[in-house]
Amino acid sequence: MRRTTGIHHVTSVAGTAQGNVDFYTGGLGLRLVKRTVNFDDPGTWHLYYGDRSGSPGTLITFFPWQGIPGGRPGVGETAATAYAVPVRALENWADSLGVEREPTERFGDPVLSLRDTDGSSIEIVGEDPSSGEDPSPDAEAGIRGFHSVTLAVAQPDPTARLLTGILGYESIGEENGRLRFAVPGPGPGRIVDLVRPEDSVAARLGSGSVHHVAFRARDDEEQAGFREELRGAGIDVTPVRDRQYFHSIYFREPGGVLFEIATDPPGMLIDEPLETLGTELQLPPWYESARERIEAALPPIETTA
Ligand code: ZN
């Protein structure tokens with residue numbers, strides 16, 4: 001059976017680039033693995049953060065749109081992005097991120113809730129090491145990758161059907177109105193939660209909003225299979241777009257959340273080596289001739305790492 005292996009990446013909107021870099025590298029300890037531009041708007045950064053090699057399941061990417069108004073939370077969007085850490089490290093995480101509220105418990109795991117520089121809802125979930133897979137030695141107490149995303153929708157059923165149908169998720173529980181879905185297997189980012197806010201006002205995109213969530217396809221062929229199935233279900237899905245590091249299709253799930261299906265290959269190492277990943281502006285071939293102009297227009301960013 002065709003099924004996704006989980007979250008490929010999450011893409012969000014930031015206000016300023018430098019604040020974003022500081023939070024995701026300094027605060028969360030992720031690596032800035034790619035500095036490129038928004039392929040649809042090359043005057044804007046597109047910054048990728050992840051594990052050392054920028055693996056799917058660890059990638060969060062941002063379009064910092066200087067001066068964009070704040071987003072309004074609501075239905076039809078990804079309401080929270082959660083990372084997994086070893087449970088023994090949760091207290092240290094609370095200290096280092098300055099989270100004063102005690103962790104809440106969700107499906108048996110403690111969860112810290114915080115906001116990034118732009119107000120985006122971030123969660124840190126403490127997991128029992130036995131339930132996590134392959135923590136890399138350099139990140140023993142660090143972020144292993146995504147735990148989950150939480151989608152806010154007015155009517156959970158149609159979204160649930162898409163997850164359990166075409167994407168291959170399994171329904172694994174319900175707690176306080178929160179529906180949990182997962183795909184089996186190792187690796188990060190296997191959970192999607194659905195919540196139905198009391199107030200069903202539609203979300204408005206702005207800084208601090210998640211723009212879309214991408215799910216993994218192993219290769220182009222599997223992606224084509226997903227695309228056929230989506231079309232067959234009457235869902236309006238884009239043609240395949242070349243995102244340089246993966247190939248993408250986009251569609252709105254029935255609850256209004258923008259979904260993408262992205263291929264695992266070719267990956268972040270296609271245009272620069274592991275050692276220097278994310279240190280220089282990378283442009284797709286079709287923008288190379290405009291490099292000087294593009295580089296001059298981007299606000300400067302600095303990393304301390
Ligand atoms: Zn994307």
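Laboratory data are not the source of any read-out in this text; all were calculated from the coordinates shown. This one's a predicted model, so the numbers in the text were calculated from it and none came from an experiment. Positions of Cβ are backbone-derived with ideal geometry, glycine not excepted, and every protein chain shown enters the neighbour counts.
What the table below lists for this structure:
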| read-out | value |
| --- | --- |
| Cα coordinate range in region 186-277, projected on the principal axes (Å, largest first) | 47, 34, 28 |
| Convex hull of Cα atoms in the chain, direction-averaged projection (nm²) | 15.1 nm² |
| Residue of ARG227, ARG216, ARG106 that the Gaussian network model of the chain assigns the largest fluctuation, springs spanning Cα pairs under 10 Å | ARG106 |
| Relative contact order (percent, whole number), region 1-135, Cα cutoff 8 Å, 6+ residue spacing | 22 percent |
| Most mobile of ALA214, ALA182, ALA290 in a GNM of the chain (Cα contacts under 10 Å) | ALA290 |
| ARG2 versus GLU91: modelled label distance in nm, points set 7 Å from Cα along the beta carbon direction | 4.9 nm |
| Reciprocal mean inverse distance between Cα atoms of region 166-229 - Kirkwood radius, Å | 14.5 Å |
| Relative packing of 113-125, 238-250, which averages over residues the other C-beta atoms within 10 Å, highest first | 113-125, 238-250 |
| Formal net charge of residues neighbouring ARG218 (Cβ-Cβ distance under 12 Å; K, R +1; D, E -1) | -2 |
| Whether region 6-53 is rounded, prolate or oblate, judged on the alpha carbon gyration tensor where a/c under 1.5 counts as rounded | oblate |
| Mean separation of Cα contacts under 8 Å (6+ apart) over length of the chain, as relative contact order % | 27 percent |
| Relative contact order of region 55-183, pairs being alpha-carbon contacts under 8 Å that are 6 or more residues apart, as % | 30 percent |
| log₁₀ of I(q)/I(0) at q = 0.17, 0.21, 0.23, 0.26 Å⁻¹ - region 225-305, Debye sum with one point per alpha carbon | -0.87, -1.02, -1.09, -1.22 |
| Size of charge dipole - the chain - debye, nearest 20, with Cβ of Lys, Arg +1 and Asp, Glu -1, no other charges | 620 debye |
| Fraction of antiparallel bridges per DSSP, the chain only, in percent to nearest 5 | 65 percent |
